[in-house]
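Data block below; observations after.
The values are calculated or read from the model by the stated rules, or taken from the named source; none is laboratory data. All values reported here derive from a predicted model rather than from experimental measurement. All Cβ positions, even for glycine, are placed from backbone atoms using ideal geometry, and neighbour counts span all protein chains on display. To get the accessible areas, we keep the full protein, side chains included, count just its heavy atoms, and leave off ligands, DNA and RNA. Shrake-Rupley method; radii C 1.70, N 1.55, O 1.52, S 1.80 Å.
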Amino acid sequence: MKKTVVIFGAVIIFSLGLSLVRWCFHFPGTRYICMFESAESGKVCMESRHLPKDSVRDDVHRYVDELLLGPLAPEFRPLFTRGTKALSCFVRDDVLYVNLSDELIWQDDGVSDIARGIELFRKNILHNFNNIHTIDVFVAGNQTHSVAK
């Protein structure tokens, strides 16, 4: 009886250790907050997302791409028209330069208006990245907004 309890305990401890090691290697990623406008009330609502590490893109570019995909919840409005993509995205010093595709200017139903979308885009970036203080937004290569903290 005592030997069975010891073996059972060893199996449980081994299983927990194995689970911990697997979790460390397959960590769900970095947690980010995404803010979107509620379709009903117009209030700012938040979603939490875990983005996995990517060897090709940096954290900011990965986050911008995720933000442009829009909200997970159907009751939230996307920031910009669906199909808007980041053509380029990089940080120099404390400035984020983002060049968005021209789909942004095609205002669809059910999305935030462009000014509100830019404002929420800025809030999202500044909330999640402390090293960024200014955001320069370009649409199809033309500068549209330069927003400082």
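Across the chain, how many lysine pairs, 8 or more apart or on two chains, come within less than 28 Å at their alpha-carbon atoms? Close lysine pairs under the 28 Å cut-off: 9.
Rolling a 1.4 angstrom probe over the protein heavy atoms with all chains in place gives the chain an accessible area of 62 Å² per residue. Please grab the % of Cα pairs in the chain that end up more than 21 Å from each other. The share of Cα pairs beyond 21 Å in the chain comes to 52 percent. Relative to the longest principal axis of the Cα atoms of the chain, helix 2-25 runs at roughly 20 degrees.
For Asp102, Asp136, give the ranking by accessible area with the largest first, probe 1.4 Å.
Highest to lowest solvent-accessible surface, that is Asp102, Asp136.
With the charge dipole of the chain set up from +1 on Lys and Arg Cβ and -1 on Asp and Glu Cβ about the Cα centre, the Cα lying farthest toward the positive end among the listed residues Ser15, Leu68, Cys34 is that of Ser15. In a simple Cβ point-charge model (Lys, Arg +1; Asp, Glu -1; nothing else charged), region 28-87 has a dipole of about 100 debye relative to its Cα centre.
Solvent-accessible area assigned to carbon and sulfur over the chain amounts to 60 percent, based on a 1.4 Å probe.
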